[in-house]
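These notes are about the structure you will find just below.
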Amino acid sequence: MNSAQIDKILARLRALHVRNPRDDAFWEHLNRLLERSPEGDLMPEAVRFTNTGETRGIMVVSGPGGGKSTMLQRALSRHPAFVDCSDDTRPYIGATVPSPASLKSMSDQLLAESGYPSVNRYREVWSRWGILRHRFMMLKTAVLWIDEAHDLFCADRNLILRAIKSLMQGESAVIVILSGT
């Protein structure tokens, strides 16, 4: 067997997903955070838990190579509330924390993942987060998944975490999923 064949086999093995109890626990948590239609079907809309319209989030923590990203990508891309949505919506948006992580770089990364064209570099950071909230409302986004969330614990961590928390409040509130080590 040559190295190209070995690489092909390894790629197929890496693409395999072995379902385990963590998958079921994640689905259960996510389903609890999504609204249901009058018929009981899950909808791509976050449940509001408070009078101020606040949602809840999920943390998925495991060691490096523990399968967090694969599990989340697989679950979100196959979730029945998200699969039959129209082309002009984005029921979930996933992003990886940029390096170096800052409030500005995180907002730029999230805006880019939402399909927003590049932002004027002179635009204030809080204005960028306002645009992001508007994008979530326009795209009918219910879930924001931030991968490599451990990288958020940088110099701007308090600002970033407050900004993310603000995305879980109000009319355009989303369910925030943080995954990392």
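The values are calculated or read from the model by the stated rules, or taken from the named source; none is laboratory data. No experiment lies behind these values; they were computed from the predicted model shown. Backbone-built Cβ (ideal geometry, glycine too); neighbour counts: all protein chains shown.
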Seminar exercise, completed: Residue pairs qualifying under the 6 Å Cβ cut-off, at least six apart or on distinct chains, with the first in the stretch 131-157 being touching a residue at least 60 places away in the same chain (Cβ under 8 Å) and the second being charged (D, E, K, R) and in a strand (DSSP E or B), are A142/E45
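Yes/no per residue for (1) in contact with a His (Cβ under 7 Å, 6 or more places away or on another chain); (2) of a type in the set (S, T, Y); (3) at pLDDT 95 or above; (4) surrounded by 14 or more Cβ atoms within 10 Å (Cβ to Cβ):
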site: W145; (1), (2), (3), (4): no, no, yes, yes
site: E148; (1), (2), (3), (4): no, no, no, yes
site: A155; (1), (2), (3), (4): no, no, no, no
site: L167; (1), (2), (3), (4): no, no, no, yes
site: E171; (1), (2), (3), (4): no, no, no, no
site: I177; (1), (2), (3), (4): no, no, yes, yes
site: G180; (1), (2), (3), (4): yes, no, no, yes
For this session: Could you tell me which residue of the stretch 43-65 is surrounded by the most Cβ atoms within 10 Å (Cβ to Cβ), considering only residues that are within 18 Å of the chain's Cα centre (by Cα) and more than 20 Å from K165 (Cα to Cα)?
Result: M43
Exercise. In the stretch 9-27, what residues are surrounded by 10 or more Cβ atoms within 10 Å (Cβ to Cβ) and either in a helix (DSSP H, G or I) or touching a residue at least 60 places away in the same chain (Cβ under 8 Å) (or both)?
Worked result: I9, L10, R22, D23, D24, A25, F26, W27
Problem set entry | Residue count, the stretch 71-97 (criterion: modelled with pLDDT under 90 and surrounded by 15 or more Cβ atoms within 10 Å (Cβ to Cβ)) | 1
